[in-house]
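**Student:** Have a look at this one before I ask anything.
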There are 2 protein chains.
Amino acid sequence: MEHNLEHTIALLTCTPAALNALLRDLPEAWTLRNEGEKTWSVFDVVGHLIYAERMNWIPRARMLLQFGESRAFEPFDRTGYVRESQGKSLGQLLDEFARVRSESLGELRALNLQPEDLARRGRHPAVGVVTLSELLATWAAHDLTHLHQISRIMAHQYREAVGPWSKFLGVLQCAGHSSP
Amino acid sequence: MEHNLEHTIALLTCTPAALNALLRDLPEAWTLRNEGEKTWSVFDVVGHLIYAERMNWIPRARMLLQFGESRAFEPFDRTGYVRESQGKSLGQLLDEFARVRSESLGELRALNLQPEDLARRGRHPAVGVVTLSELLATWAAHDLTHLHQISRIMAHQYREAVGPWSKFLGVLQCAGHSSP
């Protein structure tokens, strides 16, 4: 389907509460373990979502609207999340994600984007010319890629425990294409 | 990590609220579309979770405790979800999933399982001998495989809309190993 701004906002609005309901009361065995060396835990993923919220979506939308294709977005630091998470609990990160997401959505609404704005173009440092519509659709799909990753990281913890059922569980066949 | 009954119960407790927070307020464009012919929508997946809750987990645990390896579980009907969902709204299905899950967890607690019970064995019609521990771990991992699937079904709707970002979004590389 085509990008639809209201659909994007609806999804972006729901993600923090969904992660909160899924993760806040879980034992750390689910949230602090990862999928092996150089992979992320659920805790790391939530830190990354906060960092992306501060650095990526609205800042890039503003840059696109201001500079068009003449100036590339700042490259995104995939390890920047470490600074967001240090010394914090998962509960603190979930609160912070809800707050920064709510602020971003407020800023997005304040931009009062019209259909013609969605076709405006900017420049990504790696992939080149992109539209505002693509940027906003990617913001929503980025939530989904990390929900996908979170479910895979958690399922990985029971990879052995499920015994012969493992072959029926699709998430255990997932090759980790959304790991860092 | 090994199966841990308290960790399993913690996860099973959180899933209905997580799905509710993610899905209840979304437009149908996210929840009624699928990934193509003979694939499930988010709505179908929630119906399947309800059907599995009624037919699979506690009924199989009871059968294992009662008959051991002498009698195989009933095969699971992967299309049984259709009967659960017909004529209902997604909101009704989410309410129903929360209710049947709460009932199952009540029954699980009433079994008052001891560590030695978790090693007891039953017979799966396809994979053969399984333990109660493996059955309960699979119950939790089954929630995660369908959360993984839901995030993939939803992301699929924006497959074109994200433009050149698609190569960075792991969920869009997922081959659908958890589809029906």
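**Student:** Is it the case that segment A:160-177 has a residue that's in contact with a Leu (Cβ under 8 Å, 6 or more places away or on another chain) and of a type in the set (D, E, K, R)?
**Tutor:** Taking every residue of segment A:160-177 in turn, none turns out to be in contact with a Leu (Cβ under 8 Å, 6 or more places away or on another chain) and of a type in the set (D, E, K, R).
**Student:** Right, something else. With (1) surrounded by fewer than 21 Cβ atoms within 10 Å (Cβ to Cβ); (2) part of a helix (DSSP H, G or I) as the list, and B:ASP77 as the residue in question, which single condition is left unmet?
**Tutor:** Answer for B:ASP77: the failing condition is (2).
**Student:** Test of understanding: among A:ARG121, A:ARG109, A:ARG99, which residue is touching a strand residue (DSSP E or B) at 6+ places or on another chain (Cβ under 7 Å) and of a type outside the set (A, V, I, L, M)? Explain how you work it out, then say what you get.
**Tutor:** Working: A:ARG109 fails: touching a strand residue (DSSP E or B) at 6+ places or on another chain (Cβ under 7 Å); A:ARG99 fails: touching a strand residue (DSSP E or B) at 6+ places or on another chain (Cβ under 7 Å).
Answer to the check: A:ARG121.
**Student:** Considering only segment A:80-97, state which residues are crowded, with 16+ Cβ neighbours inside 10 Å, within 14 Å of A:ARG54 (Cβ to Cβ) and of a type in the set (A, V, I, L, M, F, W, C).
**Tutor:** Passing the criteria: A:LEU93, A:PHE97.
**Student:** Here is a follow-up. Report, by residue number, each residue of segment A:21-42 that is closer than 18 Å to B:ILE9 by Cα and surrounded by 21 or more Cβ atoms within 10 Å (Cβ to Cβ).
**Tutor:** Once the filter is applied, which keeps residues that are closer than 18 Å to B:ILE9 by Cα and surrounded by 21 or more Cβ atoms within 10 Å (Cβ to Cβ), segment A:21-42 yields A:LEU22, A:LEU23, A:TRP30, A:THR31.
**Student:** Same structure, new question: Please work out which one of (1) modelled with pLDDT under 95; (2) over 20 Å from A:ALA119 (Cα atoms); (3) within 11 Å of chain B (Cβ to nearest Cβ) is the condition A:THR39 fails and give its number.
**Tutor:** Exception for A:THR39: condition (3).
**Student:** Now for a separate question. Among A:HIS48, A:HIS7, which is the only one that is at the interface with chain B (Cβ under 7 Å from one of its Cβ atoms), crowded, with 20+ Cβ neighbours inside 10 Å and not β-branched (Val, Ile, Thr)?
**Tutor:** Details: A:HIS48 fails: at the interface with chain B (Cβ under 7 Å from one of its Cβ atoms).
Being at the interface with chain B (Cβ under 7 Å from one of its Cβ atoms), crowded, with 20+ Cβ neighbours inside 10 Å and not β-branched (Val, Ile, Thr) holds for just one of A:HIS48, A:HIS7, which is A:HIS7.
**Student:** Considering only residues of segment A:4-39 that are of a type in the set (Gly, Ala, Ser) and over 17 Å from the mean Cα position of the chain (by Cα), which is farthest from B:PRO16 (Cα to Cα)?
**Tutor:** Taking segment A:4-39 first, the residues of a type in the set (Gly, Ala, Ser) are A:10, A:17-18, A:21, A:29, A:36.
Filter again for over 17 Å from the mean Cα position of the chain (by Cα), leaving A:29, A:36.
Numbers: A:ALA29: 20, A:GLY36: 28 Å.
Looking at residues that are of a type in the set (Gly, Ala, Ser) and over 17 Å from the mean Cα position of the chain (by Cα), I get A:GLY36.
**Student:** To continue, here is another question. Which residue, of A:GLU160, A:GLU96, A:GLU84, is in contact (Cβ under 8 Å) with a residue 40 or more places away in the chain and among the charged types (D, E, K, R)?
**Tutor:** Being in contact (Cβ under 8 Å) with a residue 40 or more places away in the chain and among the charged types (D, E, K, R) holds for just one of A:GLU160, A:GLU96, A:GLU84, which is A:GLU96.
**Student:** Does segment B:155-162 contain any residue that is modelled with pLDDT of 95 or more, assigned to a helix (DSSP H, G or I), more than 16 Å from A:HIS3 (Cα to Cα) and more than 7 Å from chain A (Cβ to nearest Cβ)?
**Tutor:** Here is the first cut: in segment B:155-162, the residues modelled with pLDDT of 95 or more are B:155-162.
Next cut, assigned to a helix (DSSP H, G or I) only: B:155-156.
This time we only want the ones that are more than 16 Å from A:HIS3 (Cα to Cα), so: none.
Scanning segment B:155-162 turns up no residue that is modelled with pLDDT of 95 or more, assigned to a helix (DSSP H, G or I), more than 16 Å from A:HIS3 (Cα to Cα) and more than 7 Å from chain A (Cβ to nearest Cβ).
**Student:** Continuing with the same structure: Which of the numbered conditions does A:ALA21 fail, given that it passes all the others? Conditions: (1) of a type in the set (Gly, Ala, Ser); (2) closer than 26 Å to A:ARG159 by Cα; (3) touching a residue at least 24 places away in the same chain (Cβ under 8 Å).
**Tutor:** (3)
**Student:** Between A:GLU96, A:GLU37, A:GLU69, which is within 25 Å of A:ARG152 (Cα to Cα) and in a helix (DSSP H, G or I)?
**Tutor:** A:GLU96
**Student:** For residues that are surrounded by fewer than 24 Cβ atoms within 10 Å (Cβ to Cβ), part of a helix (DSSP H, G or I) and of a type in the set (Gly, Ala, Ser), scanning just segment A:108-149, find the one that is farthest from the other protein chains (Cβ to nearest Cβ).
**Tutor:** The extreme case among them is A:ALA110.
**Student:** If you scan segment A:163-180, which residues turn out to be polar (S, T, N, Q), in a helix (DSSP H, G or I) and facing another protein chain (nearest Cβ under 7 Å)? First the steps, then the outcome.
**Tutor:** Going residue by residue through segment A:163-180, those that are polar (S, T, N, Q) are A:166, A:173, A:178-179.
Filter again for in a helix (DSSP H, G or I), leaving A:166, A:173.
Matches in segment A:163-180: A:GLN173 only.
**Student:** Determine, yes or no, whether A:THR79 is away from chain B (no Cβ under 14 Å), among the polar types (S, T, N, Q) and under 24 Å from A:HIS148 (Cβ atoms).
**Tutor:** Details: away from chain B (no Cβ under 14 Å): yes; among the polar types (S, T, N, Q): yes; under 24 Å from A:HIS148 (Cβ atoms): yes.
Here the answer is yes, as A:THR79 does meet what is asked.
The values are calculated or read from the model by the stated rules, or taken from the named source; none is laboratory data. Because the structure is a prediction, the values reported are computed rather than measured. Positions of Cβ are generated from backbone atoms using ideal geometry, with glycine treated the same way; all protein chains shown enter the neighbour counts.
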